[in-house]
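Have a look at the structure below, then the notes.
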Amino acid sequence: MIPLTHYLIVSGILFAIGALGVLMRRNIIIMLLSIEIMLNAANLSFVAFSSSHADFGGQIFSLFVVAVAASEVAIGLAIAVLFFRSRGILDPNEMNLMKD
Amino acid sequence: MEIPLFYILALTAAASAIVVVTNRKPAYSVLALALMMVSLSGFFILLKAYFVAMIQILIYAGAILVLFLFVIMLLGIGSSDASGQRKVSVFIKMRRAVNIALLIAFASQLVLMISAAQHAFPQKNFSGTVETIGTALFNQYLLPFELVSGILLIGIFGVVNLTQRELSKKA
């Protein structure tokens, strides 16, 4: 039997990779994909704890995370498309119209 | 049988996540993320969360990633990261970020390990089928379920508002 800690370690590694992607890439699409990786790592922790405690709450909240991720992706991609149309690039560092 | 399967899935998930983050072309990143979703649903099957595994494939790989692919193909993005002159300075920042992120992850997981070590795992007579998940969802978790529909509604309003403004500006 695989202990719970192994699932938690995999989840932590995936979360770290996703956080790195948000920190080091300069492309809105890749940053959104990295956020998806982080949400999935959290899902894996939820489901692992759910199986460990024999409680369905974790699995149900992982479904809620999927719903939140879907709406976040819809809005994020709409913003990315509008930004790309107005500027022709996807670098979030160029998002400074409100700053100046 | 379970243990080699677990390590194969873990390696696939970590490797494809690294490919997502480091690949130059966003379309390949999306395909690697689809591979990661499939291996995560393998984890869920190992954890006896069959319904969540099915949802993972249907919603994530089937709907969300296809939306990403649509946008990437629609915009025609090849590789639009920052220029190479910036990348040299980014490399040093990247190494620091690696250290910090891994440190945070492992420190938090150590705490979790100590607190979770005493539980028997996985429990007997426990499997997340459609029936058990549905019973819990519509009895115990009915209020959060309804609130999630509010979140989805707000998402729809946001997207329609964003795109509608663009259309009315053109007309």
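The values are calculated or read from the model by the stated rules, or taken from the named source; none is laboratory data. Predicted model only: the values in this text are computed from it and were never measured. We place every Cβ from the backbone using ideal geometry, glycine too, and count neighbours over all the protein chains shown. Ligands, DNA and RNA are excluded from the accessible area calculation, which covers all protein heavy atoms including side chains. Shrake-Rupley method; radii C 1.70, N 1.55, O 1.52, S 1.80 Å.
Got a sec? What order do A:Met31, A:Met95 fall in by accessible area at 1.4 Å, biggest, i.e. largest, first?
A:Met95, A:Met31
Hey, if you drop one equal point scatterer on each alpha-carbon of the protein assembly as shown and run the Debye formula without solvent, what base-10 log of I(q)/I(0) do you get at q = 0.11, 0.14 Å⁻¹?
-0.67, -1.03
Positive end of the dipole of the protein assembly as shown, charges at C-beta (+1 Lys, Arg; -1 Asp, Glu), about the Cα centre: which of B:Ser168, B:Met36, B:Ile64 has its Cα farthest in that direction?
Result: B:Ser168, furthest along the dipole toward the positive end.
Can I get the semi-axes of region A:4-88's equivalent ellipsoid? Compute them from the C-alpha gyration tensor as square roots of 5 times the eigenvalues, in angstrom, largest first.
30, 16, 4
Per residue of B:20-30, count partner chain C-beta atoms within 10 Å of its C-beta, then hand back the mean as an integer.
5
Enter the angle in degrees (range 0 to 90, nearest 10) between the Cα long axis of helix A:57-87 and the first principal axis of the Cα atoms of chain A, meaning the one along which they spread out most.
So the inclination is approximately 10 degrees.
Note the angle between two axes, namely the Cα long axis of helix A:28-53 and the longest principal axis of the Cα atoms of chain A, as a number of degrees from 0 to 90, rounded to the nearest 10.
The helix A:28-53 is inclined about 10 degrees to chain A.
With a 1.4 Å probe and every protein chain kept in, tell me what percent of the accessible surface of the protein assembly as shown is carbon plus sulfur. Walk me through the intermediate numbers first.
Numbers: 10130 of 14060 Å².
Taking all protein chains in place, the protein assembly as shown shows 72 percent carbon and sulfur surface.
Excluding ligands, DNA and RNA, what is the accessible area buried between chains B and A, summed over both sides, using a 1.4 Å probe, to the nearest 100 Å²?
Summed over both sides, the interface buries about 6800 Å².
On C-alpha positions alone, give me the angle between the axis of helix A:4-24 and the longest principal axis of chain A, in degrees, nearest 10.
Tilt of helix A:4-24: around 10 degrees.
In a GNM of chain A with a 10 Å cut-off on Cα contacts, which of A:Ala67, A:Ala54, A:Ala42 has the highest mean-square fluctuation?
Highest fluctuation among the options: A:Ala54.
Run the helix sum for chain A: -39,500 (n - 2.57) per DSSP H stretch of 4+ residues, divided by residue count, reported at 222 nm to the nearest 500 deg cm²/dmol.
Only helices count here, giving -28000 deg cm²/dmol.
Please report the equivalent ellipsoid semi-axes of region B:1-81, computed as sqrt(5 x eigenvalue) of the Cα gyration tensor, largest first, in whole Å.
Result for region B:1-81: semi-axes of 27, 16, 5 Å.
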